[in-house]
Every structure is written in structure tokens, then in C-alpha cells.
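First the structure, in the form of C-alpha cells, and then the observations on it.
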Amino acid sequence: EIGDKNNVKLITAWGKLYHRSIWKNLRYPVGKIHEDEFVVTELMFLVEKTVFVEAALYYYLQRENSIMSEKTNSTQKRRDSLEALELRIQRLEAYGWDRIVELKVRMLGLIMSFFAEKGLLESEEQSFYRRKYKELFQNVKNNFSLKQKIRYELFGFSPRLYYFVIQKYGCLALY
């Protein structure tokens, strides 16, 4: 399922073979981290047939200077992951996918995770993500129960207060 957050097989470029004709008008974006996430949804709709093989035929080597290393620009990683998810939501919405709200809620969770680590975000970046969060929350809040709305509203009001309450009382876990 393309919306399943645990199904890495679907949102990565590795482990797939494609006919070269698919790449005639489709390219990975230049300068993006996790560039495969920007094209995978489009790929899924371009292919006529998809086959999964469970055999481990791919081995991953993580180099010290790879995009997966801690040395890579975290700000760019966050922005690119959010942008890729936004693009996936837009494309799936255009295709009439019926589980868009789930992806939007996942996007809220992604933004929330950016605030989880103290001192991680610079103030300009915090402002950017708070605006994104509030805009997205307004779009999906009618799908939430009252309890969920309160949780998400609290985070929107103050991420710091939200995480303080979670640490102190452990009662607001959203997942």
C-alpha cells in the first residue's frame, strides 16, 4: 500500500527494475535529499504491472558522507522529506486516492517530530514548520475526534508545552 509508512519498499528507488521508457519524461529532482520519494508515486501510476520479490538481492552500504549520515544538512533533510510527502499527497489526491487524510495526519506527525528534539530547529525554521502545521491541521481537523483535536491544538499552540505534558504525564501520545 503506497500510503503505508512502514512499507519502505514503495517509497525508495532501490530494489526495483524499470523499463527505460518510464524514464523518458520522468527524472529525479536535482539537489534533493531522498530524491526517490519525489518520483515514486508517479512511478506507481506509470507502470502497468508491479511484481514484488521477497528475496534479499540488494545490499546497502552506508558511506560516512552519504545523505543518510548525520553530517548531511538536517535542515535540508527535513524540508525535502516534507516537500516530498506534500507532493505525494497532491499526486494521490489528483488520482482520487481515498486515504489522503491518513497521509496528511502522517505529515502532521512528521512536522511534530521536527520539534521533538530540543534546540534542533532554528527560529526561522520553527516559524516555517509552525505555519505548515497550522495550515495542514485546519485542512484535516474535521476528521478528528474531540480528544485528537485537543492534542493537535495543544501542539499547534505550543510544541514545547505539548512535549512537556507528554513527558510529565505521558497521556497525549498520538500514535
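The values are calculated or read from the model by the stated rules, or taken from the named source; none is laboratory data. If you're wondering where the values come from, they're calculated on a predicted model, not measured in any experiment. We place every Cβ from the backbone using ideal geometry, glycine too, and count neighbours over all the protein chains shown. Just the protein is used for accessible areas: all its heavy atoms, side chains included, with ligands, DNA and RNA removed. Shrake-Rupley method; radii C 1.70, N 1.55, O 1.52, S 1.80 Å.
Could you please find all residues in the range 81-90 being open to solvent by less than 60 Å² (accessible area, probe 1.4 Å), closer than 21 Å to residue 31 by Cβ and not hydroxyl-bearing (Ser, Thr, Tyr)?
82, 84, 85, 86, 87, 88
Going by the structure shown, is residue 66 within 18 Å of the chain's Cα centre (by Cα), of a type in the set (Gly, Ala, Ser) and either at pLDDT below 90 or open to solvent by 50 Å² or more (accessible area, probe 1.4 Å) (or both)?
For residue 66, the condition - within 18 Å of the chain's Cα centre (by Cα), of a type in the set (Gly, Ala, Ser) and either at pLDDT below 90 or open to solvent by 50 Å² or more (accessible area, probe 1.4 Å) (or both) - is not met.
Does the range 120-137 hold any residues that are exposed (fewer than 14 other Cβ atoms within 10 Å of the Cβ) and outside any helix (DSSP H, G or I), and which are they?
122, the sole residue that qualifies.
Determine whether the range 121-134 contains at least one residue that is of a type in the set (A, V, I, L, M, F, W, C) and at pLDDT below 90.
Within the range 121-134, one or more residues are of a type in the set (A, V, I, L, M, F, W, C) and at pLDDT below 90.
Can you go through 57, 10 and tell me which one is of a type outside the set (Lys, Arg), loosely packed, with under 13 Cβ neighbours inside 10 Å and either in contact with a strand residue (DSSP E or B) (Cβ under 7 Å, 6 or more places away or on another chain) or modelled with pLDDT under 85 (or both)?
Answer to the check: 57.
When the residues of the range 26-35 are filtered to those that are surrounded by fewer than 16 Cβ atoms within 10 Å (Cβ to Cβ) and either of a type in the set (A, V, I, L, M) or outside any loop (DSSP other than H, G, I, E, B) (or both), which remaining residue is farthest from the chain's Cα centre (by Cα)?
Across the range 26-35, the extreme among qualifying residues is 26.
Could you tell me whether the range 138-153 includes any residue that is open to solvent by 40 Å² or more (accessible area, probe 1.4 Å), of a type in the set (Gly, Ala, Ser) and either touching a Phe, Trp or Tyr at 6+ places or on another chain (Cβ under 6 Å) or part of a helix (DSSP H, G or I) (or both)?
Within the range 138-153, not a single residue is open to solvent by 40 Å² or more (accessible area, probe 1.4 Å), of a type in the set (Gly, Ala, Ser) and either touching a Phe, Trp or Tyr at 6+ places or on another chain (Cβ under 6 Å) or part of a helix (DSSP H, G or I) (or both).
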